[in-house]
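Structure first, then comments.
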Amino acid sequence: DGDVQRHLYLQDVLMQVADAPEKPRVPAFACQVAGCCQVFDALDDYEHHYHTLHGNVCSFCKRAFPSGHLLDAHILEWHDSLFQILSERQDMYQCLVEGCTEKFKTSRDRKDHLVRMHLYPVDFRFDKPKKSRSPTSAEVPGDSEERSEGEAMEICSEPVAASPAPAGERRTYSHRSVSKLFLKHVLNVCSVLRILGCTWAAALLILNSER
Amino acid sequence: MWSRRQGRLRPTVCAVEELRRRRREQEAALRKARREQQLVSKRLLREDAPEEAGEGCVAAILGEAEVQQFLRQAQRGAEEKEREGALISLRRGLQHPETQQTFIQLEGSMRTLVGLLTSNQALLQLEAARCLHELSHSEQSTIAEACLPATSYLLTYLSGHSSDFIELCLYTLGNLIVESEAVRRQLLPQGIVPALAACIQSPHVAVLEALGYALSQLLQAKEAPEKIIPLASASSSILASTLPQHMLQMLQPGPKLNPGVAVEFAWCLHYIICSQVSNPLLIGHGALSTLGLLLLDLAGAVQRTEDAGLELLACPVLRCLSNLLTEAAVETVGGQMQLRDERVVAALFILLQFFFQKQPSLLPEGLWLLNNLTANSPSFCTSLLSLDLIEPLLQLLPVSNVVSVMVLTVLCNVAEKGPAYCQRLWPGPLLPALLHTLAFSDTEVVGQSLELLHLLFLYQPEAVQVFLQQSGLQALERHQEEAQLQDRVCALRQTALQG
């Protein structure tokens with residue numbers, strides 16, 4: 001019967017996928033992207049590495065994202081000053097699920113929507129709220145806040161020459177920004193961490209061990 | 001009922017209507033039975049899978065301590081090679097159902113795996129995804145449900161660019177979808193349909209095949225006709241997305257047609273059509289003409305004796321066409337939407353010949369289409385006659401009872417179109433063939449033979465004499481006692497003796 005045939009065929013296909021492919025090996029070579037130190041001996045591995053870490057990379061902060069969609073959202077929300085201004089007046093935070101056109105006033109509202117409507121995990125890696133850098137909270141907490149919008153994929157060594165201009169821009173902007181905006185961001189991050197049930201220190205430990 | 005009709009002098013139109021109606025009911029019943037058969041055969045085959053997976057598997061079952069150790073190594077190992085190696089070992093162990101159970105019962109194991117899946121090390125990501133894929137092979141819904149924390153990430157990665165990785169995610173999702181309704185209940189709001197609709201634009205053949213697989217599993221879900229396919233459920237609706245158009249595009253014959261991809265989407269289309277949610281919509285997208293052209297293409301490929309897994313594509317295409325033809329919309333919507341191309345009949349016969357030689361079990365599928373083509377269309381009946389296809393059709397009678405019934409049904413379709421058609425049926429090989437089938441023991445075959453005889457006698461009374469001369473009466477009387485056939489036998493006897 002046609003159905004029996006169909007399922008035998010599918011079983012074959014699934015078995016083929018499950019057996020890990022024997023990768024054709026080549027002489028070891030290094031990734032050519034500036035600052036990347038990874039070495040490979042199989043082309044498939046390199047292809048995956050390239051797409052994952054160098055594919056959708058933010059030109060401002062060098063963070064890598066799994067898709068163009070998330071990269072666009074990141075650039076808009078992190079590096080577009082017009083966005084910040086507009087978001088005070090209208091709902092600008094777009095839902096991250098493709099096909100959903102809902103927009104929200106804050107990153108927090110969007111996260112609530114993701115969790116409630118789309119059943120996303122509360123600690124979804126590609127949606128942490130952005131926290132403006134404040135000079136008072138030094139390197140240590142700054143590190144944990146860096147785990148924001150789709151940050152999860154950092155290339156192995158941040159190029160030192162990462163343009164100081166954008167970073168500087170961000171800092172001056174945060175100075176210029178109304179203090180309540182800053183406070184809101186801090187509260188957002190705190191509440192996210194509270195949801196995770198961690199303190200700052202514990203958060204750091206987890207993050208460092210996962211690198 | 002039938003004999004009553006026989007007694008009164010009614011215009012032939014009514015008799016034809018009655019036959020048509022009954023035939024439609026029969027068709028619906030057959031289709032329903034087949035649909036149920038589908039489910040059964042699927043379950044049976046999936047049960048075989050673990051044994052196949054077990055054979056040739058080198059790794060041993062892992063205990064709790066070992067699983068924990070591998071996870072720890074993967075997470076915190078000093079060197080990347082070490083971490084990767086740990087995950088590879090874990091993956092091998094996860095080929096065993098026992099290890100899978102151990103894994104999901106271990107606290108924090110899925111959390112760790114998801115962490116690795118979303119890590120910044122591409123190769124670890126890949127290995128973690130492979131571990132998930134192993135888990136997705138499980139037959140147990142508890143294991144599929146244990147993978148729930150990973151689904152949002154699997155969907156996110158579908159919009160990436162690494163084709164191998166996307167392919168893996170798709171097969172994993174497809175497997176998980178089959179095993180558990182809870183998984184489907186989560187995947188739909190998470191946006192699986194828009195994610196698939198975006199992914200279908202990938203140029204990679206392997207990705208498209210995997211997508212077709214995942215989609216076909218989603219469409220076979222028991223709640224699909226209510227929750228997944230219809231237009232009403234906006235964000236998760238298959239029909240409202242661009243998926244149907246893309247699917248049809250991939251079924252268009254030509255140099256770009258990839259058989260593996262086409263097979264997957266042909267089956268997807270079949271499941272959508274079977275759900276009968278909105279077939280006129282599909283017809284509006286040009287499904288009939290695309291499938292018709294594809295059928296011609298298949299016949300061409302057969303004639304060039306290219307095998308290449310052809311049967312795999314033939315079956316769903318035949319079914320899709322057959323089912324779409326029963327839509328009322330086909331008749332009411334103007335000529336442009338109907339499958340008018342009479343080359344389809346010739347192509348179908350080429351395929352029937354091919355099935356006869358290589359795969360007799362697919363003959364009913366082809367005959368089903370022939371039945372639906374000829375049931376309401378005089379022009380297809382004319383094609384059948386003018387292409388001299390009656391004899392080849394009769395040659396299929398001995399194959400099996402099911403095939404016999406279908407051949408006879410098709411011939412009834414032709415005969416009921418009127419005297420002009422019956423004149424082409426007899427004189428000819430038909431009557432001897434019928435006398436032969438009357439000798440069968442199968443009630444359905446005999447019943448259908450009686451129906452055909454009735455039509456023949458109605459429109460070609462001269463045939464009666466020849467029937468009697470060839471001891472037709474005796475053949476009839478053999479079935480007098482049969483409850484289901486009694487009425488018809490008596491009525492035919494009367495006609496024969498009167499005429």
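The values are calculated or read from the model by the stated rules, or taken from the named source; none is laboratory data. Predicted, not measured: the structure shown is a model, and the values here were computed from it. Methodologically, a virtual Cβ is constructed for each residue, glycine included, from the backbone with ideal geometry; neighbour enumeration extends over all protein chains shown.
For the stretch A:50-71, filtering for residues that are within 11 Å of chain B (Cβ to nearest Cβ) and either part of a helix (DSSP H, G or I) or of a type in the set (A, V, I, L, M, F, W, C) (or both) leaves 12. In the stretch B:283-306 there is no residue that is within 20 Å of B:Asn175 (Cβ to Cβ) and assigned to a helix (DSSP H, G or I). Restricted to the stretch B:185-198, and to residues there that are over 22 Å from the mean Cα position of the chain (by Cα) and not small (Gly, Ala, Ser), the residue that is nearest to B:Leu248 (Cα to Cα) is B:Pro194.
The set of residues in the stretch B:157-167 being assigned to a helix (DSSP H, G or I), out of contact with any Cys (no Cβ under 9 Å at 6 or more places or on another chain) and buried (at least 22 other Cβ atoms within 10 Å of the Cβ) consists of B:Phe165 alone.
Checked against (1) in contact with a Phe, Trp or Tyr (Cβ under 9 Å, 6 or more places away or on another chain); (2) in a helix (DSSP H, G or I), B:Gln190 meets all criteria but (2).
Each row is one residue, and each column tells you yes or no for (1) touching a residue at least 24 places away in the same chain (Cβ under 8 Å); (2) buried (at least 21 other Cβ atoms within 10 Å of the Cβ); (3) within 21 Å of the chain's Cα centre (by Cα); (4) closer than 22 Å to B:Asp297 by Cα.
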{"site": "B:Leu367", "(1), (2), (3), (4)": "yes, yes, yes, yes"}
{"site": "B:Leu384", "(1), (2), (3), (4)": "yes, yes, no, yes"}
{"site": "B:Leu408", "(1), (2), (3), (4)": "yes, yes, no, no"}
{"site": "B:Val414", "(1), (2), (3), (4)": "yes, yes, no, no"}
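Counting only helices (runs of 4 or more DSSP H) wholly contained in the stretch B:73-142, the ones carrying 2 or more residues that are surrounded by fewer than 21 Cβ atoms within 10 Å (Cβ to Cβ) and of a type in the set (Asp, Glu) occupy B:80-93.
Screening the stretch A:93-127 for residues that are buried (at least 16 other Cβ atoms within 10 Å of the Cβ) and among the polar types (S, T, N, Q) and picking the one that is farthest from B:Leu154 (Cα to Cα) gives A:Thr106. Under the condition of being over 24 Å from B:Leu158 (Cβ atoms) and in contact (Cβ under 8 Å) with a residue 24 or more places away in the chain, the residues counted in the stretch A:63-87 number 3. Of all residues in the stretch B:385-418, those satisfying the criterion of being within 18 Å of B:Trp368 (Cβ to Cβ) and of a type in the set (Gly, Ala, Ser) are B:Ser400, B:Ser404.
Going by the structure shown, is A:Tyr46 of a type outside the set (A, V, I, L, M, F, W, C), within 14 Å of chain B (Cβ to nearest Cβ) and assigned to a helix (DSSP H, G or I)? Outline the logic, then answer.
On the way: of a type outside the set (A, V, I, L, M, F, W, C): yes; within 14 Å of chain B (Cβ to nearest Cβ): yes; assigned to a helix (DSSP H, G or I): yes.
Considered against the rule, which asks whether it is of a type outside the set (A, V, I, L, M, F, W, C), within 14 Å of chain B (Cβ to nearest Cβ) and assigned to a helix (DSSP H, G or I), A:Tyr46 comes out as yes.
Evaluation of B:Glu107 against the conditions (1) away from chain A (no Cβ under 12 Å); (2) in contact (Cβ under 8 Å) with a residue 24 or more places away in the chain shows that the sole unmet condition is (2).
Just one of the listed residues (B:Leu90, B:Leu94, B:Leu135, B:Leu62) is farther than 30 Å from A:Ala73 by Cα, away from chain A (no Cβ under 14 Å) and not aromatic (Phe, Trp, Tyr), and it is B:Leu62. Filtering the stretch B:76-118 to residues that are under 19 Å from B:Leu62 (Cα atoms) and of a type in the set (S, T, N, Q) leaves B:Ser89, B:Gln95, B:Thr99, B:Gln100, B:Gln101, B:Thr102, B:Gln105, B:Ser109, B:Thr112. The residues listed here are A:Met15, A:Met92; of these, the one that is of a type outside the set (Phe, Trp, Tyr), on the phi < 0 side of the Ramachandran plot, more than 11 Å from every other protein chain (Cβ to nearest Cβ) and over 14 Å from the mean Cα position of the chain (by Cα) is A:Met92.
Working carefully through the options B:Ala221, B:Ala214, B:Ala182, find the one that is more than 8 Å from every other protein chain (Cβ to nearest Cβ) and under 20 Å from B:Gln125 (Cβ atoms).
Exactly one residue qualifies, and that residue is B:Ala214.
If only residues of the stretch B:386-406 that are out of contact with any Gly (no Cβ under 9 Å at 6 or more places or on another chain) and closer than 18 Å to B:Arg343 by Cα are counted, the one that is surrounded by the most Cβ atoms within 10 Å (Cβ to Cβ) is B:Leu393.
Matching residues to (1) crowded, with 18+ Cβ neighbours inside 10 Å; (2) in contact with a helix residue (DSSP H, G or I) (Cβ under 9 Å, 6 or more places away or on another chain):
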| position | (1), (2) |
| --- | --- |
| A:Arg6 | yes, yes |
| A:Tyr50 | yes, yes |
| A:Lys62 | no, no |
| A:His74 | yes, no |
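Restricting attention to the stretch B:201-249, the residues that are of a type in the set (Lys, Arg) and either modelled with pLDDT of 90 or more or not in a helix (DSSP H, G or I) (or both) total 1.
Suppose the filter is without any contact (Cβ under 8 Å) to a residue 60 or more places away in the chain and within 12 Å of chain B (Cβ to nearest Cβ); does A:Asp109 pass it? I'd like the intermediate steps shown before the answer.
Values: without any contact (Cβ under 8 Å) to a residue 60 or more places away in the chain: yes; within 12 Å of chain B (Cβ to nearest Cβ): no.
The answer is no for A:Asp109.
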